[in-house]
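Below is one structure, written out as C-alpha cells, with a few remarks after it.
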Amino acid sequence: DERLSMQLTGEGLVHGIIAEANASGHVRGTIDNPRIVGPLEVLPPPMGEHAILSVMRSTPLALMSQGAVPMFSDNIVDDVAVYLRSSEQIQSHLAVRIDVASDGSIAFARGIIAQAMPSTDPDSFAEVGTLFEKPGHVEAILDAALTPEAAIRALARQTGLVWNEVDRRNLSFHCTCT
C-alpha cells in the first residue's frame with residue numbers, strides 16, 4: 001500500500017502544510033494557519049522566503065524515494081511542478097482552484113495534474129503545457145467542469161490527445177491518529 005507524503009515548511013504566514021495519500025484513496029492533510037485573512041494581492045508569500053518542499057514515497061516496509069527542493073515562487077503549484085521535473089524527472093503540468101468561504105476558510109479545492117508517460121510524444125505533451133501556461137485557462141476549465149472526467153475530456157479535446165482512464169479510486173478522509 002504505497003503512501004505519498006508531501007510537506008511544505010517555511011517561515012511565512014504558514015509554517016507548515018502536510019498532505020498524505022495512499023493507494024487505497026485515503027487522504028489527510030493539515031495546515032498550521034488555515035485562515036490567512038486579507039487581500040491576496042497584498043499578502044506576503046505564504047511560506048516565506050526560505051521554504052522547502054519535501055516529498056516521500058513509501059510502503060509499510062520500505063522508503064521508496066524521498067526528495068526536497070527549495071520553493072522558488074509564491075505559488076505552491078509551480079513549486080510542486082518543479083519538484084516533479086527536477087527530483088522525479090517527470091514532465092508535469094498542474095493547476096489548482098481553491099474557493100475561500102466568507103469566513104476565510106477553504107470551502108473546497110480541486111485540481112488537475114498532467115504527466116507525460118514514457119511513450120508520450122514530447123511535442124504533443126508540449127501542447128498540453130501551452131494550455132497550462134495560459135493564465136487562468138485550465139482553472140476556468142476546472143470551474144466549469146462538474147466532474148474530474150469532464151475537465152480531462154475538455155483538455156483532451158483542446159489538444160487532440162486521446163484520454164484513456166486507467167484506474168479510478170474514490171477518495172476519503174482517513175486519519176491514522178488515535
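Output the residues belonging to the range 60-104 that are more than 14 Å from Phe132 (Cα to Cα) and of a type in the set (Lys, Arg).
Selection gives Arg85 alone.
Residues are listed down the side, and each one gets a yes or a no for (1) at pLDDT 85 or above; (2) on the phi > 0 side of the Ramachandran plot; (3) surrounded by 11 or more Cβ atoms within 10 Å (Cβ to Cβ):
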site	(1), (2), (3)
Arg28	yes, no, yes
Met56	yes, no, yes
Ala62	yes, no, no
Asn75	no, no, yes
Asp78	no, no, yes
Gln91	no, no, yes
Ser102	no, no, no
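Filter the range 149-178 for residues that are closer than 19 Å to Ser5 by Cβ and more than 18 Å from the chain's Cα centre (by Cα); which is surrounded by the most Cβ atoms within 10 Å (Cβ to Cβ)?
My answer is His174.
Which one is farthest from Asn170 (Cα to Cα), of the residues in the range 119-155 that are among the small types (Gly, Ala, Ser) and in contact with a helix residue (DSSP H, G or I) (Cβ under 6 Å, 6 or more places away or on another chain)?
In this case the residue turns out to be Ala154.
The values are calculated or read from the model by the stated rules, or taken from the named source; none is laboratory data. Remember, predicted model here, so these are calculated numbers, not experimental data. So basically every Cβ, Gly included, is an ideal-geometry build from the backbone, and we count neighbours across all protein chains shown.
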